[in-house]
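A.B. asks: Below: one structure in C-alpha cells.
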Amino acid sequence: RRRRRTRRWGAGERFARRARRKMAFYQHYRVSTVGCQLEDSLEEMIDSETMTEEQAEIVRNQFDKAISLALSAQVKNKANLKGKLHHYRNCDNVWTFFLDSATIKIDTNREAQEVDDKLKIIACDGRAAGTTSKKKA
C-alpha cells in the first residue's frame, strides 16, 4: 500500500500564509498612471457588463498587493531630497511632506532634478497597512 506524501506546514508557516492572505495594502498607488489606467479599464468592463463591481474590487485589491510587493522587492535605488519644508502631516502612520524648491538626486544617474513647483512625498511603513509592530519592553 502506497502512502501519498503531503506537505505538512509548520505552525509558523501556516500562520504566515493565513496572515498574508488577510493583509490589507495601501491604496495610494491607485492614483498612479498605471492605477488610473486600470481603473479606467475596470469602469469600461463594468459599464459593458463583462465584470461585476465585486470582481473589480478583487482586481483593485490584487493590484494594491502586487504593486506593493513588486516595489518593495525590485526597487533598490536611493534618492536624496533637498528643499524647503512647507508643511507635513501624519495620519495612521502615513507621513505626507510638502516641499518647496525641491532638488532630487537619484543614485543611479547622479544628476540633480529641479522641481519648480511643490513636491508632495507620501511615506508609509514598509509593512502592510493595518499591521503594527510589537516592541518588547
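A.B. asks: Counting residues that are at pLDDT 90 or above and farther than 16 Å from Gln27 by Cβ, which strands (runs of 3 or more DSSP E) fully inside segment 42-137 reach at least 2?
C.D. replies: Output list reads 79-91, 94-106.
A.B. asks: From Gln74, Gln62, which residue is surrounded by 11 or more Cβ atoms within 10 Å (Cβ to Cβ) and either of a type outside the set (Val, Ile, Thr) or outside the structural domain of Ile122 (by the TED database) (or both)?
C.D. replies: Result: Gln62 is the single residue among Gln74, Gln62 that is surrounded by 11 or more Cβ atoms within 10 Å (Cβ to Cβ) and either of a type outside the set (Val, Ile, Thr) or outside the structural domain of Ile122 (by the TED database) (or both).
A.B. asks: Right, Gln27: within 27 Å of Ile104 (Cα to Cα) and without any contact (Cβ under 8 Å) to a residue 12 or more places away in the chain or not?
C.D. replies: no
The values are calculated or read from the model by the stated rules, or taken from the named source; none is laboratory data. Because the structure is a prediction, the values reported are computed rather than measured. Note: ideal-geometry Cβ built from the backbone for every residue, glycine included; neighbour counts use all protein chains shown.
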